[in-house]
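*Asks:* Handing you this structure, nothing more for now.
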Amino acid sequence: MQRMLTVLVVLCTVWLGAWADPVAIVNTHTDALATADTYTDPSGDTHNFSAGTTDNLYLDSFVVGSTTYLPLQQAEQIDLRRNAVTGGRQGDWQIIWYQRSSKASGPPDTYNQRPSRSAGMEESLLGDIINRGTDNVFANDTGLANYNNIERIDYVINRLGLQAQNTAQLGFGFGIFERGGNDLVKIAAITAVDASGTPTAYGPLVSYNTSAWGGVGVNIATDVYAGYPDTDPGTAGLEREYGVTAEVGSQQMHGIFTPLTDLGIGVGDIFYGYSVFPGDVDPVANPSQDLVDYTTFPTNTAGGSSAGGLDLIAGGLVFAPEGDDPDGFVRIPEPASFLLLAAGGLGLLRRRRSRGGA
């Protein structure tokens, strides 16, 4: 397995012990939704979602080296941490790309997209549907066609915590996927949260450069949509149905697997999930930056591959090697409170889907 040296940074410490595990293969299946979702945007263009015989593309597993990894647990919470500064993007601006099925040119144009229409970026970036995502997720550059005000993405897997019970479970970890595989990405484990699930402490910040990605053998053409949500309270009068802001040719999906050992997690350590950071966050070079306080991050992040250009695909899943015992990894409540939490949907993901071609 090809392994790439990377640098871990926490506060003022540099840790030179981490390696990237490029994903080589993804195993997927699709569904065929009975009803298409259709709307017309203000310019008159028509947009059809779930338009085809194969719609959502689901990630069942992936391969790193000779090891197959299966999803174990999905995050119970995702938060896009925004910092809307004067002169920048305001409100909960949405940027979502979808795999294109076809286009009939007009005017007006008709766009046909394979996946189901997402309710927003949070839905697009959480879960196992991998033929939709976001464009330039950390870019703040107002000169770009697609820029936003997002400074950090938090995936809280379990508010009660996760805990490796043995060295084998330190091989569990997180998969990060991107359209194109040409952008720097940074990740850190969440080591403490408050009552609302907001991170209050982190492990080392891990940086993966653009050569760390592994191509997974799936190529897609995409259309990028942008606009305000219909109920965004900070953008009264600006609500609209999203229009297409970019048509992107075929690109390969790429992935990186980050085992717990790379994130500074040891046996018995309790952690809660992970956060993804822009490429220009560096507390060593810039001591005023605090991983917990995302308002200390730059608000002029460029859209290039070394800064804010990450075209993130859905995530927020813990993966485990096929056949490994996950017993005890996901912390559960004491018996007296178990029924209350169970009603809220706590449980292992580890779905068993029938597999088919993409």
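*Asks:* For the range 167-179, give me each residue that is assigned to a loop (DSSP other than H, G, I, E, B) and buried (at least 18 other Cβ atoms within 10 Å of the Cβ).
*Replies:* Within the range 167-179, Phe172 is the sole residue that qualifies.
*Asks:* Scanning the range 56-66 for residues that are in contact (Cβ under 8 Å) with a residue 60 or more places away in the chain and within 21 Å of the chain's Cα centre (by Cα), which turns out surrounded by the most Cβ atoms within 10 Å (Cβ to Cβ)?
*Replies:* Step by step, filter the range 56-66, then rank; the result is Leu59.
*Asks:* Take Tyr69 and tell me if it is modelled with pLDDT of 85 or more, among the hydroxyl-bearing types (Ser, Thr, Tyr) and crowded, with 18+ Cβ neighbours inside 10 Å.
*Replies:* yes
*Asks:* Could I ask something else about it? Of the numbered conditions (1) buried (at least 23 other Cβ atoms within 10 Å of the Cβ); (2) out of contact with any Pro (no Cβ under 8 Å at 6 or more places or on another chain); (3) among the aliphatic types (A, V, I, L, M), Ala164 fails exactly one; give the number of that condition.
*Replies:* (1)
*Asks:* Inside the range 137-180, can you point out the residues that are in contact with a helix residue (DSSP H, G or I) (Cβ under 6 Å, 6 or more places away or on another chain) and over 18 Å from Gly315 (Cβ atoms)?
*Replies:* Across the range 137-180, the qualifying residues are Ala164, Leu170.
*Asks:* Just one of Ile78, Ile130, Ile95 is crowded, with 24+ Cβ neighbours inside 10 Å and within 22 Å of Thr295 (Cβ to Cβ); which is it?
*Replies:* Answer to the selection: Ile95.
*Asks:* Restricting attention to the range 97-138, report how many residues are under 27 Å from Phe62 (Cα atoms) and either without any contact (Cβ under 8 Å) to a residue 12 or more places away in the chain or hydroxyl-bearing (Ser, Thr, Tyr) (or both).
*Replies:* 8
*Asks:* Any idea which of (1) touching a helix residue (DSSP H, G or I) at 6+ places or on another chain (Cβ under 9 Å); (2) among the polar types (S, T, N, Q); (3) farther than 17 Å from Gln74 by Cα; (4) not in a loop (DSSP other than H, G, I, E, B) is the one Ser118 doesn't satisfy?
*Replies:* (4)
*Asks:* Could you run through the range 214-261 and say how many residues are at pLDDT below 95 and either acidic (Asp, Glu) or outside any strand (DSSP E or B) (or both)?
*Replies:* 15
Conditions (1) farther than 29 Å from Val224 by Cα; (2) loosely packed, with under 13 Cβ neighbours inside 10 Å; (3) in contact with an Asp or Glu (Cβ under 7 Å, 6 or more places away or on another chain); (4) modelled with pLDDT under 90, marked per residue:
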residue: Met4; (1), (2), (3), (4): yes, no, no, yes
residue: Thr13; (1), (2), (3), (4): yes, yes, no, yes
residue: Trp19; (1), (2), (3), (4): yes, no, yes, yes
residue: Gly44; (1), (2), (3), (4): no, yes, no, no
residue: Thr54; (1), (2), (3), (4): no, no, no, yes
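*Asks:* Considering only residues that are under 25 Å from Asp79 (Cβ atoms) and of a type outside the set (Gly, Ala, Ser), look in the range 196-212 and name the one that is surrounded by the fewest Cβ atoms within 10 Å (Cβ to Cβ).
*Replies:* Taking the candidates together, the pick is Thr200.
*Asks:* Follow-up. Take Asn146 and tell me if it is assigned to a loop (DSSP other than H, G, I, E, B), surrounded by 23 or more Cβ atoms within 10 Å (Cβ to Cβ) and either under 13 Å from the mean Cα position of the chain (by Cα) or in contact (Cβ under 8 Å) with a residue 12 or more places away in the chain (or both).
*Replies:* For Asn146, the condition - assigned to a loop (DSSP other than H, G, I, E, B), surrounded by 23 or more Cβ atoms within 10 Å (Cβ to Cβ) and either under 13 Å from the mean Cα position of the chain (by Cα) or in contact (Cβ under 8 Å) with a residue 12 or more places away in the chain (or both) - is not met.
*Asks:* Here's another thing I want to ask about it. Here's a check for you: in the range 21-40, which residue that is in a loop (DSSP other than H, G, I, E, B) and at pLDDT 90 or above is surrounded by the most Cβ atoms within 10 Å (Cβ to Cβ)?
*Replies:* Filtering first and then ranking leaves Val23.
*Asks:* Looking for whichever is farther than 21 Å from Ala20 by Cβ, more than 19 Å from the chain's Cα centre (by Cα) and surrounded by 19 or more Cβ atoms within 10 Å (Cβ to Cβ) here; the options are Val193, Val156. Which one fits?
*Replies:* Criteria check complete, one pass: Val193.
*Asks:* Residues of the range 62-73 being in a strand (DSSP E or B) and either in contact with a Gly (Cβ under 6 Å, 6 or more places away or on another chain) or over 30 Å from Val292 (Cβ atoms) (or both), which ones?
*Replies:* Of everything in the range 62-73, those that are in a strand (DSSP E or B) and either in contact with a Gly (Cβ under 6 Å, 6 or more places away or on another chain) or over 30 Å from Val292 (Cβ atoms) (or both) turn out to be Phe62, Val63, Val64, Thr67, Thr68, Leu70.
The values are calculated or read from the model by the stated rules, or taken from the named source; none is laboratory data. Because the structure is a prediction, the values reported are computed rather than measured. Using ideal geometry, Cβ is built from the backbone for each residue, glycine included, and neighbour counts are taken over all protein chains shown.
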